[in-house]
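Derivation of every value follows stated rules applied to the coordinates shown; laboratory data play no part. Computed from a prediction, not measured in an experiment: that's the story for all the values here. Reconstructed Cβ throughout: ideal geometry from the backbone, glycine too, with neighbour counts over all protein chains shown.
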Amino acid sequence: MPNVHDRGGWPNEEAINLDNHEWLDWQWQTQALPIVLRQKGIINSDELRRGIESIPRDDYEAMPYHDRWATSIESLLIEKGILTDKEIQSKVTEIVRRWN
Amino acid sequence: MKDSYKPDYRINDRVRIKNVYPQGHHRTPWFIKGKIGHIAAIYGKFLNPEQRAYGLDGCPKQALYRIQFKQKNVWVNYLGETQDTLCVDLYERWIERV
Amino acid sequence: MKETHDDNNTAQNHSPHPGSQPDVKLSYRASRILAIKELLTAKHVISTTELETAINSLKSRNPTDGAKVIARAWKDPSFKQRLIANSEVAISELGYALDQHTRLIVVENTAAIHNVIVCTLCSCYPISLLGPPPDWYKSFGYRSRVVKDPRSVIKEFGLLLDTKIELRVHDSTADIRYLVLPMQPTGTSKFHESELAELVTRDSMIGVSNPTLPKHRRSSD
């Protein structure tokens, strides 16, 4: 059985959805962050893809495109010991408080 | 594009893609596994992405080829024309001579 | 399996009534990426400048860059030969370069062959020349259908391909990025290079459609 990301030829009769959305700030950041991290040799593209492919099946299908990237970046940074889940969570709480 | 090495294959060599499903990261799509095509381009050697995906250095480099398939040989009920083709870039470990 | 759209999980800059203040809330994803950014900069792993430079670089790229390359190839046969033989070196003549880890191959549409590009495994795309890919290119629908039934897919984009032409689909499974060199529309041999560039659409460089000449521009060669 193919992995969830291995998408060629899957059953799909729907017309291609041609709607396009302008990227939000966080989405530009999500696409730019790997560029900087790659330049510094902190992550590489193959790790990023592996991170996306490792997303559990149901989550992979439910998540929009940029969310999959964001999830992969986050899990790689944690895997490499650069950040911890706890400090990300604390920082998120602080940021949300700041915004509200 | 080519490194100075002697590739194992030549343009138009008939090859089969290995029909294996390893656990780790690999970029060989399911639909051409086990299928027969031919060498359409020889790209030289690249760091092995299947190793790089786990933070390893990717050495030794792996030869990369473009393999071309007749669509009718890939899909049982291909709806297009008999001359339509599909090209996929694959690393040497996935290819075997027919 | 239906995909959700990115709009669903953000309320950023959504203005319920014209003229009212935007209700700026931070979405879950936005807050996490911001958190990561702040933590990484605080730890001096990256700098804000580096990130902003990367964002600006991404934003600066768009299909007009690819169009210039195509237009040059249409106007200059020897450039076209160089573009096909060694795409990366050729585009550097126009000041373009690829990201360090990718290579470029330009595939030429002819009377006998029409090329279409996809990345079934994720969304690999020649960003350096086309800017970020459209949502449809990354969709499950495109990724699943274009390898198996490409003629139906390009028909949805308005392209009806002759039954004698070979439709060649390229799945970008490694670090090679593909760009389609569409056929030059008939009646344009006297066009200036800048006029030719205006005819080259992003979709024609992906291969799902062809450049066409607007009716009012059509003339005999």
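Tabulated data
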| read-out | value |
| --- | --- |
| Per-residue mean of C-beta atoms belonging to partner chains within 10 Å, peptide A:49-59 | 3 |
| Residue order, fewest to most surrounding Cβ atoms within 10 angstrom, among A:Asp58, C:Asp135 | A:Asp58, C:Asp135 |
| Amide proton proximity set for C:Glu166, modelled H, under 5 Å, gap of 5+ | C:Ile113, C:His114 |
| Rounded to 5, percent antiparallel among DSSP beta bridges of the protein assembly as shown | 55 percent |
| Cβ-isolated cysteines (cut-off 4.7 Å), the protein assembly as shown | B:Cys59, B:Cys87, C:Cys122 |
| Per-residue ³J(HN,Hα) for segment C:185-196, Karplus 6.51 cos²θ - 1.76 cosθ + 1.60, θ = phi - 60°, Hz, x for Gly and Pro | x, 5, x, 10, 5, 9, 5, 6, 4, 5, 5, 5 |
| C:Lys164 paired with A:Glu61, simple spin-label distance in nm, labels 7 Å along Cα-to-beta-carbon | 4.4 nm |
| Top of B:Ile42, B:Ile67, B:Ile11 by mean-square fluctuation, Gaussian network on chain B, Cα under 10 Å | B:Ile11 |
| For chain C, built as a Gaussian network whose Cα springs stay under 10 Å, the top-fluctuating residue of C:Ala54, C:Ala67, C:Ala30 | C:Ala30 |
| Relative intensity, log₁₀ I(q)/I(0), of segment B:14-97 from a Debye sum that treats every alpha carbon as a point, q = 0.17, 0.21 Å⁻¹ | -0.70, -0.98 |
| Radius of gyration and Dmax over the Cα atoms of segment C:80-221, both given in Å | 15.3, 44 |
| Given charges at beta-carbon only (K, R positive; D, E negative), |dipole| of the protein assembly as shown in Debye | 1000 debye |
| Cα-projected label distance for C:Gln100 with B:Arg93, points at 7 Å along beta-carbon direction, nm | 2.4 nm |
| C:Met183 long-range amide H proximity, modeled H, under 5 Å | C:Asn109 |
| Hydrodynamic radius of the protein assembly as shown per Kirkwood, over alpha carbon pairs, in Å | 22.9 Å |
| Peptide-level mean, for C:41-47, of C-beta atoms on other protein chains within 10 Å | 3 |
| For C:Ile176, distant residues with modelled amide H under 5 Å away | C:Arg103 |
| In sequence order, calculated HN-Hα J values of segment A:38-55 (Karplus, 6.51, -1.76, 1.60; Hz; x Gly/Pro) | 5, 4, 8, x, 7, 10, 10, 4, 5, 5, 4, 5, 4, x, 5, 5, 7, 4 |
| Gain on full stretching of the segment that runs from B:Lys6 to B:Glu81 - 0.36 nm per residue minus C-alpha separation | 23.4 nm |
| Total charge dipole magnitude, segment A:25-99, about the Cα centre, Cβ charges on Lys, Arg, Asp, Glu only, Debye to nearest 20 | 300 debye |
| Considering only chain C, percent of DSSP beta bridges that pair antiparallel, nearest 5 | 10 percent |
| Span from the segment C:117-185 Cα centroid across to the segment C:40-78 one, whole angstrom | 21 Å |
| Theoretical ellipticity at 222 nm over chain C - DSSP helices of four or more residues, -39500 (n - 2.57) apiece, nearest 500 | -11500 deg cm²/dmol |
| Derived scalar couplings ³J(HN,Hα) [segment C:163-179; Karplus, 6.51 cos²θ - 1.76 cosθ + 1.60; whole Hz; x for Gly, Pro] | 5, 8, 6, 7, 8, 10, 9, 10, 9, 7, 8, 10, 8, 8, 10, 10, 10 |
| Choice from A:Glu13, A:Glu79, A:Glu53 showing the highest fluctuation, given a GNM over chain A with Cα pairs closer than 10 Å | A:Glu13 |
